[in-house]
Ligand SMILES: [Zn+2]
């Protein structure tokens, strides 16, 4: 038996059955033979029980809308990268698109040109959404769910677009993307309200 | 949890992994309380705890696709939460090193025998690291190995922080054995 009383570290090792602690066996034996250390161990158990019984704290605010906003913003960034535009590049690419469109008759567009048109429409819609600044507005839950579903479908299209080489197939996908972007913009513009200030 | 509830929970997790926003919100509703409680017990302020809550669920929404389903969903969410809370501590301690990491010296009034501090107050008096270790080990049930890994410290550091915390709590709570 050890002559001095146990340290807190030894008491904790006994409480937790931590045999990796040096002299665990001695400490364990000491508790069995020393009233003082047994009492300390009891108090340690009681203190732990009191810690576990502390009242549970609950958040004052629902943080999920903020989480959702961040998830949506991040997806949007990913989407912008997928159509090959990011932030400042949007305006420049749009200017080219608008000029190009005036010069070409719709009935003479081949698949490549039609893809370019659909892509530019996609970009214009992204720009419109960017100007609308969805992050400064609040969507109700139903609208937020719709937004996320549409964004998922767009993300899915972007994956397929990246894997498709054939221009006819690409055109179909780009046109679907324009349709979804239109819906997305419409949901944002009709369902959002400004952040209250 | 009964079989139906368990099945429902599995459905929610499966949908959440596919990015279903309703399922993600259901996860938030189910676990925001325990996450916030953990964060609030580790962080100094409600603002920090709210940030940790938000950071945790942002990470959950982004990474749930990678959750492989081995181990409970709460175990996984909790590990995200504790790592976010510890990250917050590291960031804040960077600013507040002297104030918060200094050894706490009780005032004459607090140190006088017979004047016990309440447990909440005593926990608040611990250094942020000691308090985090007590909470993660004694309440959340983390092992010293897990705490050491999350904190980027050694196992003996975790053990000595726990011992140091209990030694102080023992005095402040008037738990000294009188034999
Ligand atoms: Zn003893």
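Among the residues of the stretch B:116-141, those identified as in contact with a helix residue (DSSP H, G or I) (Cβ under 7 Å, 6 or more places away or on another chain) and outside any helix (DSSP H, G or I) are B:117, B:126, B:127, B:140.
Within the stretch B:29-49, being within 11 Å of chain A (Cβ to nearest Cβ) and farther than 19 Å from residue B:140 by Cα holds for B:29, B:46, B:47.
This table checks each residue for (1) in the same structural domain as residue A:67 (by TED's automatic domain parsing); (2) at pLDDT below 80; (3) over 30 Å from residue A:66 (Cβ atoms).
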{"site": "A:120", "(1), (2), (3)": "no, no, yes"}
{"site": "A:127", "(1), (2), (3)": "no, no, no"}
{"site": "A:134", "(1), (2), (3)": "no, yes, no"}
{"site": "A:151", "(1), (2), (3)": "no, no, no"}
{"site": "A:175", "(1), (2), (3)": "no, no, yes"}
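So which residues in the stretch A:6-23 are touching a residue at least 12 places away in the same chain (Cβ under 8 Å), surrounded by 16 or more Cβ atoms within 10 Å (Cβ to Cβ) and over 25 Å from residue B:174 (Cα atoms), if there are any at all? Result: A:21, single match. If you go through the stretch A:39-63 and pick out every residue that is within 16 Å of the ligand (Cβ to nearest atom) and either at the interface with chain B (Cβ under 7 Å from one of its Cβ atoms) or surrounded by 15 or more Cβ atoms within 10 Å (Cβ to Cβ) (or both), you end up with 5.
Among the residues of the stretch B:135-152, the one identified as on the phi > 0 side of the Ramachandran plot and more than 11 Å from the chain's Cα centre (by Cα) is B:152. Annotation note: Cβ proximity below 8 Å between a residue of the stretch A:141-169 that is more than 30 Å from residue B:28 (Cβ to Cβ) and a residue that is at pLDDT below 80 and surrounded by 16 or more Cβ atoms within 10 Å (Cβ to Cβ) (sequence gap 6+ or interchain) occurs for A:161/A:82; A:162/A:82.
The values are calculated or read from the model by the stated rules, or taken from the named source; none is laboratory data. Small disclaimer: the values here were computed from a predicted structure and weren't measured. Backbone-built Cβ (ideal geometry, glycine too); neighbour counts: all protein chains shown.
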